[in-house]
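S.K.: Quick one: this structure, given as structure tokens, is what I'll be asking you about.
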Amino acid sequence: MSGSLIKIHEVTVTSAVSSVTLGGSDWDSSYDVYMVKFSNLKPTTDNVLNRVRILVSSSPVITAEYDSANKGLRSDTTFDNNASVNQAYWEFDRSGNATGENTNATLYLFNFNNASEYNFITTEFSGSSPFDLIYGATGGGVHTVAQASNGIQFFFSSGNIDTGSKFTLYGLKK
Amino acid sequence: MATNLEFIKSVTISSTTVIDMNFVFSDEYDVYVLKWDFSVDTASGGNWNYLRFKDSGNTIDTGTNYDSAVLHPRTDGTFSEYKLPSTTSMQRMGIQDQLGGGTIFTIYNPFDSGSYTFVQCQNSGWDNVSPTRLFGAKGIGVHKVAQSNTGFRIFNNAVSSMSGTASLYGVK
């Protein structure tokens, strides 16, 4: 069957790791837009923040050029307006690791193969926070350097990514 | 080249108050996309999508095991926030009235017995009772029971008769 959502790279964590990368040597530059889905993302340390970086030449970019803005959705109180500029990573949502808890998301990546424009990301997170409530974030981010990139890295503000977390990169066929 | 968005099932309803999909989740997929496109038969305003899950015996969970958090963008005023912990369904996951609308749900880990079931919704709809207006939703929900869910039911808070089609896809 022909289709337009093409799987490029998938990683399922089989033992706890400090970070997961999608792309790099597995990157396929033939797409304009990419979709990333992760599911069952669990930290080894409770109450940590989800962080994301781009890869350039297969290495994570750690300089402070990430801006993000999102609406934090939560079931306990007023929704959060989260915004940051010139950070060393994008930061979205908060994860807990009690029984049943995990974090899930759909991301879209734009302009990653375009060396003359910034890299953009949209984010939709849904998960359980360490405070026993539904917590998510809807928003986006930009990396303010006009350069081509070839992947994305996930890590937590503290601790490791636990076993069973699954990350998949897709290309949207032109 | 094979696609990684795989059609599972489509259900069309006509003038009924609920739509069910039974035994559609399996260990073949972790993530599902559900397209829900319907209109109610008579304009009544405020027909919100409600969602419940069914276990491996096809029994609907009607307990207070659902949390929702939904932002409603709207053209007539301040965006509304709904914080709905420990309710008997995922609630206010998009509005659809007599002139229709559309909702995309993304459903994570429904069949995983070790995980809660998580949902995202994105909706654009039309409230067809004065003041008529564009009314949408961006929301999240969780079914707080670690069990294998195999199906779901969608209904609306007004128990309005509705017609439309739901299509479910697996993301491989």
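S.K.: Is it the case that B:F105 is buried (at least 17 other Cβ atoms within 10 Å of the Cβ) and under 14 Å from B:N47 (Cβ atoms)?
M.R.: It is false that B:F105 is buried (at least 17 other Cβ atoms within 10 Å of the Cβ) and under 14 Å from B:N47 (Cβ atoms).
S.K.: Within segment A:140-149, work out how many residues are within 16 Å of the chain's Cα centre (by Cα) and surrounded by fewer than 21 Cβ atoms within 10 Å (Cβ to Cβ).
M.R.: Going through segment A:140-149 one residue at a time, the tally reaches 2.
S.K.: Ok, one more. Taking the options A:L73, A:L133, name whichever one is in contact with a Ser or Thr (Cβ under 7 Å, 6 or more places away or on another chain), facing chain B (nearest Cβ under 9 Å) and surrounded by fewer than 22 Cβ atoms within 10 Å (Cβ to Cβ).
M.R.: When all the criteria are applied, what remains is A:L133.
S.K.: Taking the stated definitions as given, is B:T59 surrounded by fewer than 21 Cβ atoms within 10 Å (Cβ to Cβ), of a type in the set (S, T, N, Q) and at pLDDT below 95?
M.R.: Criteria not met by B:T59.
S.K.: Count, please, the residues in segment A:32-72 that happen to be polar (S, T, N, Q) and part of a strand (DSSP E or B).
M.R.: Qualifying residue count, segment A:32-72: 6.
S.K.: Those residues that are surrounded by fewer than 18 Cβ atoms within 10 Å (Cβ to Cβ) and among the charged types (D, E, K, R), I need them from segment B:116-152; list them, please.
M.R.: Hit for segment B:116-152 is B:R133, nothing else.
S.K.: Got at least one residue in segment B:72-94 being assigned to a strand (DSSP E or B), more than 14 Å from chain A (Cβ to nearest Cβ) and not basic (K, R)?
M.R.: Looking for residues that are assigned to a strand (DSSP E or B), more than 14 Å from chain A (Cβ to nearest Cβ) and not basic (K, R), one finds none in segment B:72-94, hence no.
S.K.: Taking segment A:34-55 as the region of interest, how many residues are within 14 Å of chain B (Cβ to nearest Cβ) and of a type in the set (V, I, T)?
M.R.: Final tally of qualifying residues: 1.
S.K.: Which members of segment B:39-64 meet the condition of being of a type in the set (A, V, I, L, M, F, W, C) and not in a loop (DSSP other than H, G, I, E, B)?
M.R.: Listed by number, the residues that qualify are B:V40, B:W48, B:L51, B:F53, B:I60.
S.K.: Among the residues of segment B:9-26, is any within 14 Å of chain A (Cβ to nearest Cβ) and more than 17 Å from the chain's Cα centre (by Cα)?
M.R.: The answer is no, given that none of the residues of segment B:9-26 is within 14 Å of chain A (Cβ to nearest Cβ) and more than 17 Å from the chain's Cα centre (by Cα).
S.K.: A further question on this structure: Please pick out the residue among A:S15, A:S29, A:S25 that is within 20 Å of A:N104 (Cα to Cα), away from chain B (no Cβ under 14 Å) and not in a strand (DSSP E or B).
M.R.: A:S15
S.K.: A further question follows. Across segment B:155-172, what is the number of residues that are at pLDDT below 95, buried (at least 18 other Cβ atoms within 10 Å of the Cβ) and more than 9 Å from chain A (Cβ to nearest Cβ)?
M.R.: Of the residues in that region, 6 qualify.
S.K.: While we're looking at this one, here's another question. Counting only residues that are among the small types (G, A, S) and within 16 Å of the chain's Cα centre (by Cα), give me the strands (runs of 3 or more DSSP E) lying completely in segment B:124-172 with at least 2 of them.
M.R.: Those strands (runs of 3 or more DSSP E) span B:133-143, B:162-171.
S.K.: Hey, another quick one. Among the residues of segment A:156-169, write down those that are over 13 Å from the mean Cα position of the chain (by Cα) and either within 13 Å of chain B (Cβ to nearest Cβ) or without any contact (Cβ under 8 Å) to a residue 12 or more places away in the chain (or both).
M.R.: A:D162, A:T163, A:G164
The values are calculated or read from the model by the stated rules, or taken from the named source; none is laboratory data. As the structure is a prediction and not an experimental result, all values here were calculated from the model. For neighbour counting, all protein chains shown are included, and Cβ atoms are generated from backbone atoms with ideal geometry for every residue, glycine included.
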